[in-house]
Amino acid sequence: MKVTVLSHTPDPEKTVAAAARLCYSNVSASEIMENFTEEKAASFIKKLMDMGHMSPVEHVSFTFAIDGVSRTLLAQLTRHRIASYSVQSLRYNNPFRDEMDHPSEDDAKKACHMAYIEGLNFARRLCNGQTPGQGELDDKGSTQEHTLENIQTNLLPSYFRGIFEGGAALEEGPCFTVSFPISFSIVLNKSPFNFTPEGDKLLIKNEDAINFCLFVYGSLDFAQQDYSSKILAVLCKKSPEFLKAFVKAAENYIDTRYYSTLPESIAKKPEAILAYIKGLECCKKSYIELVKMGVEQEDARYILPMGTQTRLVMTMNVRSLYNFFNLRCCQRAQSEIRHLAELMLAEVKKIAPRLFEKAGAPCEATGFCPEGSFGCGRYPARKPEDQ
Ligand SMILES: Cc1cc2nc3c(=O)[nH]c(=O)nc-3n(C[C@H](O)[C@H](O)[C@H](O)COP(=O)(O)OP(=O)(O)OC[C@H]3O[C@@H](n4cnc5c(N)ncnc54)[C@H](O)[C@@H]3O)c2cc1C
């Protein structure tokens with residue numbers, strides 16, 4: 001998500017102060033404006049805000065460029081009627097046009113898949129079939145044998161992923177340790193990672209182990225399903241560092257492959273991320289199929305998810321912005337629109353700090369929460385004198 005202030009009323013604070021001062025003056029607003037110093041305008045604005053006299057702030061507007069937000073956010077945002085909007089249309093924009101014009105290299109994907117299966121088969125053979133891997137791959141007979149030396153460098157992560165999922169175990173204890181049966185040394189000792197023999201096991205520990213896992217899963221093509229979701233979930237649980245890298249990779253994948261947004265609560269659960277990607281893949285496939293059949297984009301888009309991103313330009317005056325920040329900076333607001341509100345507030349505060357001094361969630365300004373039993377608990381529900 002990106003928020004940029006495209007333009008705003010010039011001299012926003014002086015304009016508001018001059019408009020407000022005019023109410024009590026017998027000279028024109030232009031004269032007042034000329035004679036207003038920054039300090040005078042500031043003290044006038046403070047008075048105005050303390051009194052809650054909000055109509056003068058309607059003379060100042062801000063225009064924002066908002067990029068990379070979901071259609072779910074758009075639906076919430078446009079409920080704010082005191083604003084103007086221009087929105088990128090899915091009628092005229094096919095988010096997958098480039099891909100349809102230049103189909104991705106299936107051969108490269110197939111090669112990664114085969115390298116993964118080879119690694120998995122290798123591990124299974126060494127373990128005599130007693131492995132914790134996926135065990136449901138139907139094309140295991142169709143691979144050729146490779147030695148580590150003749151596998152292309154770009155296929156190594158897939159190959160090691162197969163070996164990892166076919167033969168690795170996570171050791172108990174606080175230290176992040178991955179173990180393999182010692183027989184795996186014929187291939188693992190030739191890898192660029194630091195494995196040490198201990199009894200009948202080959203171990204890799206702490207930072208080395210995390211780097212090994214990041215290497216193995218770093219270039220994961222989530223839609224290819226060349227991985228075990230169970231093993232991924234265990235790694236995420238065991239290592240916060242791995243979890244962070246995994247979520248970042250997934251977010252980037254969802255953004256570039258599906259032109260979609262990863263919602264906050266889904267991002268907290270690796271299994272949910274994988275389920276979400278599955279759904280996005282289905283929608284994308286159907287959309288492309290419909291467009292290829294000649295269905296108009298304006299109708300094919302019905303199959304696209306609410307997470308699909310858009311771009312928009314929005315103009316709001318300061319009074320409406322106050323209302324927007326009041327409702328959407330609150331913890332009760334949904335996470336994506338709250339994030340947008342926070343970014344917008346930070347931007348306008350840079351331009352007109354005094355005008356927006358009291359803007360934000362109501363609790364921040366008043367010290368109590370008007371949401372009653374729905375409150376997040378950061379502030380008391382009511383002022384002590386009202387109880
Ligand atoms: C946490 C949260 C949960 C929500 N849940 C839901 C939900 O479940 N369902 C749902 O439908 N919406 C929901 N909304 C949206 C909400 O009801 C408002 O539509 C949205 O926040 C826009 O607020 P607004 O009307 O104040 O803003 P604007 O439309 O920008 O209006 C600004 C102000 O102008 C005045 N105004 C505007 N139009 C009129 C009018 N026609 N008559 C009189 N005064 C007017 C009002 O004082 C209003 O506050 C939710 C919002 C939040 C923040």
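Please treat every number below as a calculation from the coordinates, not as lab data. Note that the structure is predicted; figures quoted are calculated from it, not measured. As a convention, Cβ positions derive from the backbone with ideal geometry for all residues, glycine included, and neighbour counts pool all protein chains shown.
Laid out as a table, the results:
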read-out: Coil-residue chymotrypsin sites (Phe, Trp or Tyr not before Pro) of segment 18-72, DSSP, other Cβ within 10 Å capped at 15; value: Tyr24
read-out: Stretch gain in nm, segment Ser335-Cys282, where the contour uses 0.36 nm per residue and the Cα spacing is subtracted; value: 16.6 nm
read-out: Note, ³J(HN,Hα) from phi for segment 94-103, Karplus 6.51, -1.76, 1.60, rounded to Hz, x at Gly and Pro; value: 9, x, 10, 4, 4, 5, 6, 6, 10, x
read-out: For segment 265-387, size of Cβ-based charge dipole, Lys and Arg +1, Asp and Glu -1, in debye; value: 280
read-out: Förster radius 56 Å - calculated FRET efficiency between Glu264 and Tyr24 (Cβ-Cβ, nearest 0.05); value: 0.75
read-out: Sorted by Cβ density within 10 Å, fewest first, the residues Arg338, Arg125; value: Arg125, Arg338
read-out: Segment 100-292, dipole about Cα centre (Lys/Arg Cβ +1, Asp/Glu Cβ -1), debye to the nearest 20; value: 360
read-out: Potential extension, Asp67-Glu171 segment - 0.36 nm per residue separation minus Cα distance; value: 33.0 nm
read-out: Amide proton proximity set for Glu198, modelled H, under 5 Å, gap of 5+; value: Leu203
read-out: Segments 159-166, 16-23 sorted - mean Cβ within 10 Å per residue, highest first; value: 159-166, 16-23
read-out: Karplus (6.51, -1.76, 1.60) ³J(HN,Hα), θ = phi - 60°, over segment 325-331, in Hz, Gly and Pro reported as x; value: 5, 4, 7, 9, 8, 5, 4
read-out: Val87, Val216 arranged by Cβ crowding within 10 Å, fewest neighbours leading; value: Val87, Val216
read-out: Net length gained if the chain between Ala111 and Thr256 were fully extended (0.36 nm per residue, minus Cα distance); value: 50.0 nm
read-out: Spin-label model distance (nm) - Asn194 vs Thr37, 7 Å beyond Cα toward Cβ; value: 6.4
read-out: Per residue convex hull volume, Cα atoms of the chain, in Å³; value: 207
read-out: Charge-dipole axis of segment 100-292 as Lys and Arg at +1 and Asp and Glu at -1 on Cβ define it, positive-most pick from Asn194, Ser260, Phe164; value: Ser260
read-out: Residue order, fewest to most beta carbons within 10 Å, for Lys284, Lys269, Lys238; value: Lys269, Lys238, Lys284
read-out: Under the Karplus curve 6.51 cos²θ - 1.76 cosθ + 1.60, θ = phi - 60°, whole-Hz ³J(HN,Hα) for segment 337-349, x wherever Gly or Pro sits; value: 6, 5, 4, 4, 4, 5, 5, 4, 4, 4, 5, 5, 5
read-out: Cα-Cα separations in segment 100-292 greater than 30 Å, expressed as whole percent; value: 22
read-out: Positive-pole candidate from Phe215, Val178, Gly367, dipole of the chain, charges at beta carbon; value: Gly367
read-out: Too-long pairs where the Cα-Cα distance tops 19 Å, listed order kept, from Lys248/Lys349; Lys248/Lys268; Lys47/Lys358; Lys2/Lys349; Lys46/Lys349; value: Lys248/Lys349
read-out: Translational diffusion coefficient (Stokes-Einstein; Kirkwood radius from C-alpha pairs) of segment 169-211 at 10 °C, 1.306 mPa s, in µm²/s; value: 153
read-out: Loop GluC sites (Glu not before Pro), segment 65-134, which have at most 14 other Cβ atoms in a 10 Å radius of their Cβ (DSSP); value: Glu105
read-out: Helix-only mean residue ellipticity at 222 nm for the chain, each DSSP H run of n ≥ 4 adding -39500 (n - 2.57), per residue, nearest 500; value: -14500 deg cm²/dmol
read-out: Peptides 309-319, 244-254 ordered by average Cβ neighbours within 10 Å, highest first; value: 309-319, 244-254
read-out: Asp11-Ser183 FRET efficiency (beta carbon distance; Förster radius 51 Å; 0.05 resolution); value: 0.10
